[in-house]
Number of protein chains: 2
Amino acid sequence: MRKLIKGIIVTANARGNFRVRPKGALLVEDGVVREVFDRAPDSVESAVTLNYGDALIIPAFMDTHLHAPQYPMAGMGMDLPLLKWLEHYTFRLEGDYADPIYARAVYSILAHDLMLRGTTRVCIFSTIHTDATLILMEELEKAGVEGYVGKVAMDRNCPVQLREPLEKALPEHERWLAESARFKHVSPVITPRFTPSCTDALMEALGKLAQKYSLPVQSHLSENLDECAWVRELCPDCDGYWQTYARWGLFNERTVMAHCVHPDERELEALLQNRVLVAHSADSNTNLASGIAPIRRMLNMGIRVSVSTDVAGGASLSVMDAVTAAIRASKLRTYYSDGREPFLTFGEAFHMATASAAEFFNTKPNFAVGEPLHALVLTDAALPPFPGLSAPERLERMVYRSDERSILARLVRDRVISM
Amino acid sequence: MRKLIKGIIVTANARGNFRVRPKGALLVEDGVVREVFDRAPDSVESAVTLNYGDALIIPAFMDTHLHAPQYPMAGMGMDLPLLKWLEHYTFRLEGDYADPIYARAVYSILAHDLMLRGTTRVCIFSTIHTDATLILMEELEKAGVEGYVGKVAMDRNCPVQLREPLEKALPEHERWLAESARFKHVSPVITPRFTPSCTDALMEALGKLAQKYSLPVQSHLSENLDECAWVRELCPDCDGYWQTYARWGLFNERTVMAHCVHPDERELEALLQNRVLVAHSADSNTNLASGIAPIRRMLNMGIRVSVSTDVAGGASLSVMDAVTAAIRASKLRTYYSDGREPFLTFGEAFHMATASAAEFFNTKPNFAVGEPLHALVLTDAALPPFPGLSAPERLERMVYRSDERSILARLVRDRVISM
């Protein structure tokens, strides 16, 4: 099936510059972009026309780091310090996913809510439970959400019901990988929770699995100062936190590392040289009083950075909120640096939400020809009137007001999803 | 008419401690609270029963600082520094309220959106335009939103179309005050925009008006460092920014001052001694890179502090967002003080949103007997299941997820408002 999709097409590049095609159109065939028109033709032979008029067409959101099992607790227990929060809510809750019925109940809501908010690609943590992980993959695929799902690996420093020792973890990973083959657009990602919760033996096995099946990797890096100190204690033979992953082959161009709030110079250099993607979770880093990641520095160096919600360290599932959280946090870095460190522009943060993780998701950004369509149609018809705005101004207003009711439609491959 | 309103009643005191009445009820007569039951009776003679079951009943939100004319631009131009933002958006937009048709269009949406988000009391800036100010008062009253509306006074350092010289401002203020008498629950507040935009002669006249008609006062204080330096230049005879208001009788227990991000010791002492209410607008202070107000310090001293949205410096009209923005900002103060300054608890911030401004609004907090009813009924039925939560946990989850769809009903005096 061929579709001609008309509207105001808005994309941003890595420098945060917007490209607006005020009378643009996308020609899509069987869910793949075939042509991008600066000036839309009236119609195209044998193609259905979808004319969104004055609405904006933008690339759909990518969320490169969040924890599916924690979705019920998003926005709760925020008065607790990290370790108590983990104990009192996270670990207690994650244990519940041994029950496939509870897993199904939560993951079907989560998959719906992701699509509702315009997130069509995720890189997401599950729990250690293989069956619940497969249920999550199934619910995402059903909802049209694509990307990577990780069965969590951890075998130390956590409650016993969340611990999977190597001798069990290995066959369970093999089973998970084999059963995952049935999904079309959702695939596995190797997921050591973080260094403190994985023994060397487990890490080594995960590195081998990643290599054997050529899989991407996700984990946490340098989130807060106590954790960094703990990792130094646990791995005295490593010069930096990043090496605790790198030495097992878990730190490369197919790796996404959440947080990176406190990298030293060598860690920044390692992120750059290994082409690791950073998942910047500003809301989570604020809620847990972890600090503010040096994103301006990373961008200047050429490190790849995406934004992420980090539910439930982050309280909101909306990538729109992740965009504004990143900008807000960067403004406080500006303040605390006496203005020396420029804050993120809206265009830069928007790029980090829609384009910078494209390569990690094995695609090309911004409606590249030959790539599957992932787009949102946005309308500000319900907002108070403000005549004469440019397309980027309209977009900024909608993203800051972060209301999924401004998402008129989600276009994923050949599907048009209104909710 | 008498109503017995049943549900789980949740309030917080100034220390952030919650009081939960799990089987509570309010007896309301002609919109006034007559009794609060810890254990609800089955029914009360000649009273209609509204049974909200497991839903939470909380005091409605108060927003002590926002700019009505800026509502259309909330979440826009966030890449600009304060002065360019004022020039390019704020002043241009505020000029449009000379047109009563535009004013009506925006203010009717704003009043609706306030009630939708559960804000039933406001202290709000209008523009210099008398007619638009009266339209704002009318729309708020129609929607059921109560409180104070201020016609803005400014006669220097602003574009000519937003300047109202004293000889015009005085009769226009008199006309405004006279015509305001027709409103029942919305009344005027004297509103010098801020010291840089008011001559001494205008300030003096405003002080006299406030005294003559016994009116409250709202303005801005110590928002950012450049502004503080500017005020020192403009008023070399004043020891502190606060004195530029105090010397004209505009700094007392009926005054609300927005921001107070950079008070020195004497200014903190003056806020305390004069019993001024601080309107803490964390999102605005973040968006404009102004800094983070020392709220923990203020609370320890006994200064009165409320939260506010400061639309459009703040991007969100929701007091739920103002609550979480205050907590988030305080967490970064905790981080930057190496943990020495404890962050705001959810209970403390909730108190600042629902109770601490009660006296300013001439009422008593937390369903005091004899006071008009302002309540919200909250349901988390649409959120993912998480059994076994306490009422404060449920409340925190709803406030962090900030979605007005969790507001089942707004109870204002005798009205039950579903939207």
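The values are calculated or read from the model by the stated rules, or taken from the named source; none is laboratory data. Here the structure is a predicted model, which is why all the values come from computation and not from measurement. We place every Cβ from the backbone using ideal geometry, glycine too, and count neighbours over all the protein chains shown. In case anyone asks, the SASA skips ligands and DNA or RNA and just uses the protein heavy atoms, side chains included. Shrake-Rupley method; radii C 1.70, N 1.55, O 1.52, S 1.80 Å.
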Item to check | Per-copy distances of the residue B:20 label point, shortest first, in nm (7 angstrom along Cα→Cβ) | outcome: 5.0
Item to check | Ratio of Rg to Rh over region B:337-419 (Cα coordinates, Kirkwood Rh, two decimals) | outcome: 1.03
Checklist outcome for this item: Expected output for region A:60-81, residues with a loss of 40 Å² or more in accessible area relative to the chain alone at probe 1.4 Å, reads A:72, A:75, A:76, A:78, A:79
Checklist entry - Which lysines does residue A:151 reach when only Cα atoms under 24 Å apart count, and residues fewer than 8 places away in its own chain are ignored? => result A:84, A:142, A:168, A:184, A:208, A:212
Checklist entry - What would the Debye formula give as log10 I(q)/I(0) at q = 0.13, 0.14 Å⁻¹ for the alpha-carbon point model of region B:82-218, no solvent? => result -0.53, -0.62
Checklist entry - Which distances, in nm and shortest first, link the residue B:105 label point to the same label point in every other copy, taking 7 Å along Cα→Cβ? => result 4.8
Item to check | Delta accessible area of at least 30 Å² on complex formation, residues of region A:279-320, 1.4 Å probe, chain isolated as reference | outcome: A:286, A:287, A:289, A:292, A:315
Item to check | Rg to Rh, two decimals, where region A:32-88 supplies the alpha carbon set and Rh follows Kirkwood | outcome: 1.33
Checklist entry - In whole Å, what is the distance between the alpha-carbon centres of region B:221-296 and region A:203-235? => result 48
Checklist entry - What whole number of Å gives the distance from the Cα centroid of region B:64-129 to the Cα centroid of region B:10-57? => result 35
Checklist outcome for this item: For region B:278-322, inverting the pair-averaged 1/r of distinct alpha-carbon atoms gives a Kirkwood value in Å of 10.7
Next on the checklist: Do any residues of region B:385-419 show a loss of at least 50 square angstrom of accessible area between the isolated chain and the full protein assembly, using a 1.4 Å probe, and if so which?
Outcome noted: B:385, B:386, B:393, B:396, B:400, B:401, B:405
Checklist entry - Got a sec to turn the phi values of region B:408-419 into Karplus ³J(HN,Hα) couplings, 6.51 cos²θ - 1.76 cosθ + 1.60 with θ = phi - 60°, whole Hz, x for Gly and Pro? => result 6, 7, 10, 10, 10, 6, 9, 8, 10, 10, 10, 9
Checklist outcome for this item: Copies of residue B:35 compared via label points 7 Å along Cα→Cβ give distances in nm, shortest first, of 7.7
Item to check | Cα-based Rg / Dmax (Å) for region B:153-295 | outcome: 15.2, 43
Checklist entry - For region A:310-359, what class follows from the C-alpha gyration tensor (a ≥ b ≥ c being the square roots of its eigenvalues): rounded when a/c is under 1.5, otherwise prolate if a/b is larger than b/c, else oblate? => result oblate
Checklist entry - What residues have an amide H closer than 5 Å to that of residue A:50, excluding those fewer than 5 places away on the same chain, when H is modeled at 1.01 Å from N in the peptide plane? => result A:4, A:5, A:6
Next on the checklist: If you roll a 1.4 angstrom probe over the protein chains with everything in place, what fraction of the accessible area of region B:5-88 belongs to carbon and sulfur, to the nearest %?
Outcome noted: 48
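Using a 1.4 Å probe over the heavy atoms of the protein chains, calculate the carbon and sulfur portion of the accessible area of region A:94-144 as a whole percent.
59
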Checklist entry - Chains A and B: how much accessible area gets covered up at their contact, both sides added, probe 1.4 Å, in Å² to the nearest hundred? => result 4500
Checklist entry - Using a 1.4 angstrom probe and counting only protein chains, how large is the accessible area of residue B:220 in Å², to 10? => result 10
Item to check | Rg/Rh for chain B, where both radii come from Cα atoms and Rh is the Kirkwood radius | outcome: 0.97
Item to check | DSSP beta bridge pairing in the protein assembly as shown, given as percent antiparallel to the nearest 5 | outcome: 45
Next on the checklist: With the cut-off at 1.5 for a/c, could you classify region A:261-385 from its C-alpha gyration tensor as rounded, prolate or oblate?
Outcome noted: oblate
Checklist outcome for this item: quick note, region A:1-147, DSSP beta bridge pairs, % antiparallel (nearest 5) is 50
Checklist entry - Per residue, how much space in cubic angstrom lies within the convex hull of the C-alpha atoms of the protein assembly as shown? => result 157
Item to check | Å² per residue, accessible surface of the protein assembly as shown at 1.4 Å | outcome: 35
Checklist outcome for this item: Semi-axes a, b, c in Å (a largest) for region B:58-156, each sqrt of 5 times a Cα gyration tensor eigenvalue, come to 22, 16, 12
